[in-house]
Amino acid sequence: MDLDYLQMLMGEEEIVVEEEGEGYRNIWVVAERAGDELVPVTLEMLNQARQLASTLGAYVMAVLLGGGEALAQELIYYGADKVFLCDDPALEEYALEPYAKALGDLFTEKMPEIVLFGATDMGGELAPRLARRLGTIVLTNCTGLTLDAAQRTLVCTMPAYGGEYSEVVAFSPEVHPQMVTVRPGAFGRPYRDEYRSAEIEAVAVDLDGVQSRVKVLNVVAQVEREPVPLDRARIIVSAGRGMGDAEGFALVEKLAAALGGEVAGSRGAVDEGWIDEEKQVGMGGATVRPDLYIACGISGAIQHYFGIQDAKFVVAINRDEKAPILKVADVGIVADAKEVIPAILEALGA
Ligand SMILES: Cc1cc2nc3c(=O)[nH]c(=O)nc-3n(C[C@H](O)[C@H](O)[C@H](O)COP(=O)(O)OP(=O)(O)OC[C@H]3O[C@@H](n4cnc5c(N)ncnc54)[C@H](O)[C@@H]3O)c2cc1C
């Protein structure tokens, strides 16, 4: 192996990104942060961008607005080959007009081939605005991204018809840049490699005459614990129709509270009126990837399994030993969930 390459792998040599070249190039991730932390979808996008980049023979560029060097360094640890840091005080808090101006100028100069945004409030607002400015289009809320390598086009899976179906849509080769928003939780997080090193380039932004049309008047601290969105939850306790009634469902809520987890459910639980649709897990609902998923009285239909296939550890409680969920669970308890859950609560001292 070439010694320079080995030194680069060992972190002794910085990755040198060649920016020379004609036309549209490289895969760009628009980083999003909440205060001084990167939001999880940013890391998930870096992971996916790395895979696309290795197929295309491209670099992964990240752009960070506000947030400072420490966060830019995190982007490198998680997979960026170079970070463009626009650290202007006007960009410390998200605001549409300054963010759109800073990114628009940068992308006009750098001509990215592909740009990934999170399908978040920020990405959902910024991406269409930039697409218009750059004369391109954006495909939104993508849950799958692959490449037609010959055409160098992105092939995107997007939920359609309220999530009942998925559409697979490809960009035309003449579309540049190819812009997408990526659904949080759709991809795994990359390994944080502290030995990676790369360049952080400070970008001067020209925000002369750019004014935000809204102003944050006050930030109110949340006194009560906010529920964690399902796609970020580390522990999920999920109810199915097999919980029988509201009393049975209340046991699931108690178990979730005792474990510090979130409550979710199957379509069966939605139909019974125990949970709202946004708490439904599966093809027509959320895709989750918790460390622990406890399925209580859920049959494990394929549409439900679709949403939990990346869960790290699945425990299923079902009284039917032939229930499909037991085939995919790491631990299966064949018993009445209304008896098992109180026993677990007792064991937890809750
Ligand atoms: C296009 C489409 C999209 C869909 N999207 C989704 C989706 O996103 N998410 C989703 O979940 N479904 C979805 N579905 C529906 C899916 O096919 C199933 O109908 C649904 O998941 C069943 O919910 P369930 O497992 O709660 O109920 P059931 O199928 O009724 O299963 C109940 C289970 O509980 C067990 N049980 C009963 N009593 C007890 C007890 N006392 N203790 C322990 N176990 C007990 C039973 O053995 C059974 O396995 C979709 C369907 C379609 C057609």
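Quick one: is Phe249 buried (at least 19 other Cβ atoms within 10 Å of the Cβ), among the aromatic types (Phe, Trp, Tyr) and away from the ligand (no atom under 16 Å from the Cβ)?
Working: buried (at least 19 other Cβ atoms within 10 Å of the Cβ): yes; among the aromatic types (Phe, Trp, Tyr): yes; away from the ligand (no atom under 16 Å from the Cβ): no.
So Phe249 does not fit the description; no.
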Selection count where residues are closer than 16 Å to Ser166 by Cβ and within 13 Å of the chain's Cα centre (by Cα), scope the range 279-296: 2
Among (1) within 22 Å of Arg213 (Cα to Cα); (2) among the acidic types (Asp, Glu); (3) at pLDDT 95 or above - the single one Glu92 does not satisfy: (3)
Tally, over the range 107-138, of residues that are part of a strand (DSSP E or B) and closer than 19 Å to Asn47 by Cβ: 5
Test: residue in the range 185-198 that is hydrophobic (A, V, I, L, M, F, W, C), buried (at least 16 other Cβ atoms within 10 Å of the Cβ) and assigned to a strand (DSSP E or B): no
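For the range 329-350: of the residues being buried (at least 16 other Cβ atoms within 10 Å of the Cβ) and of a type in the set (Val, Ile, Thr), which is farthest from the ligand (Cβ to nearest atom)?
Within the range 329-350, the subset buried (at least 16 other Cβ atoms within 10 Å of the Cβ) is 329, 332-333, 337-338, 340-341, 344-345.
Restricting the remaining residues to those that are of a type in the set (Val, Ile, Thr) gives 333, 340-341, 344.
Working: Ile333: 9, Val340: 8, Ile341: 9, Ile344: 13 Å.
The residue in question is Ile344.
Can you go through Ile341, Ile325 and tell me which one is touching a residue at least 24 places away in the same chain (Cβ under 8 Å), under 11 Å from Ser238 (Cβ atoms) and aliphatic (A, V, I, L, M)?
Ile325
Which count do you get for residues in the range 280-294 that are more than 10 Å from the ligand (Cβ to nearest atom) and either buried (at least 21 other Cβ atoms within 10 Å of the Cβ) or polar (S, T, N, Q) (or both)?
Kept after step one, since they are more than 10 Å from the ligand (Cβ to nearest atom), are these residues of the range 280-294: 288-294.
Now drop any that are not either buried (at least 21 other Cβ atoms within 10 Å of the Cβ) or polar (S, T, N, Q) (or both), which leaves 288-290, 293-294.
Final tally of qualifying residues: 5.
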Of the criteria (1) more than 23 Å from the chain's Cα centre (by Cα); (2) surrounded by 20 or more Cβ atoms within 10 Å (Cβ to Cβ); (3) among the aliphatic types (A, V, I, L, M), which one Val214 fails: (2)
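Please specify each residue of the range 40-64 satisfying the condition of being in contact with a Pro (Cβ under 8 Å, 6 or more places away or on another chain) and either modelled with pLDDT under 95 or under 21 Å from Tyr94 (Cα atoms) (or both). Show your work before the answer.
Applying the first criterion (in contact with a Pro (Cβ under 8 Å, 6 or more places away or on another chain)) to the range 40-64 yields 40-41, 43-44, 46-47, 50, 61.
Correct list: Pro40, Val41, Leu43, Glu44, Leu46, Met61.
State whether the residues of the range 136-149 include one that is among the charged types (D, E, K, R) and within 21 Å of Arg50 (Cβ to Cβ). Steps first, answer last, please.
Start the filter on the range 136-149 by keeping residues that are among the charged types (D, E, K, R), which leaves 148.
Those still in the list that are within 21 Å of Arg50 (Cβ to Cβ) too: 148.
Yes - at least one qualifying residue is present in the range 136-149.
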Those residues of the range 139-171 which are of a type in the set (S, T, N, Q), assigned to a strand (DSSP E or B) and out of contact with any strand residue (DSSP E or B) (no Cβ under 7 Å at 6 or more places or on another chain), in sequence order: none
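Name every residue in the range 295-320 that is of a type in the set (Asp, Glu) and either near the ligand (Cβ under 9 Å from one of its atoms) or without any contact (Cβ under 8 Å) to a residue 24 or more places away in the chain (or both), in order of residue number. Write out each step before concluding.
Of the residues in the range 295-320, the ones of a type in the set (Asp, Glu) are 310, 320.
Scanning the range 295-320 gives a single hit, Asp320.
Could you check how many residues of the range 232-257 are of a type in the set (Val, Ile, Thr) and over 21 Å from Ala323 (Cβ atoms)? Break it down into steps so the answer makes sense when it comes.
Narrowing the range 232-257 to residues of a type in the set (Val, Ile, Thr): 235-237, 252.
After this cut, where a residue has to be over 21 Å from Ala323 (Cβ atoms) as well, the list is 235.
The number of residues fulfilling the criteria is 1.
The values are calculated or read from the model by the stated rules, or taken from the named source; none is laboratory data. Keep in mind that this is a model prediction, so the values were computed, not measured. Here the Cβ is made from the backbone with ideal geometry for all residues, glycine too, and neighbour counts use every protein chain on show.
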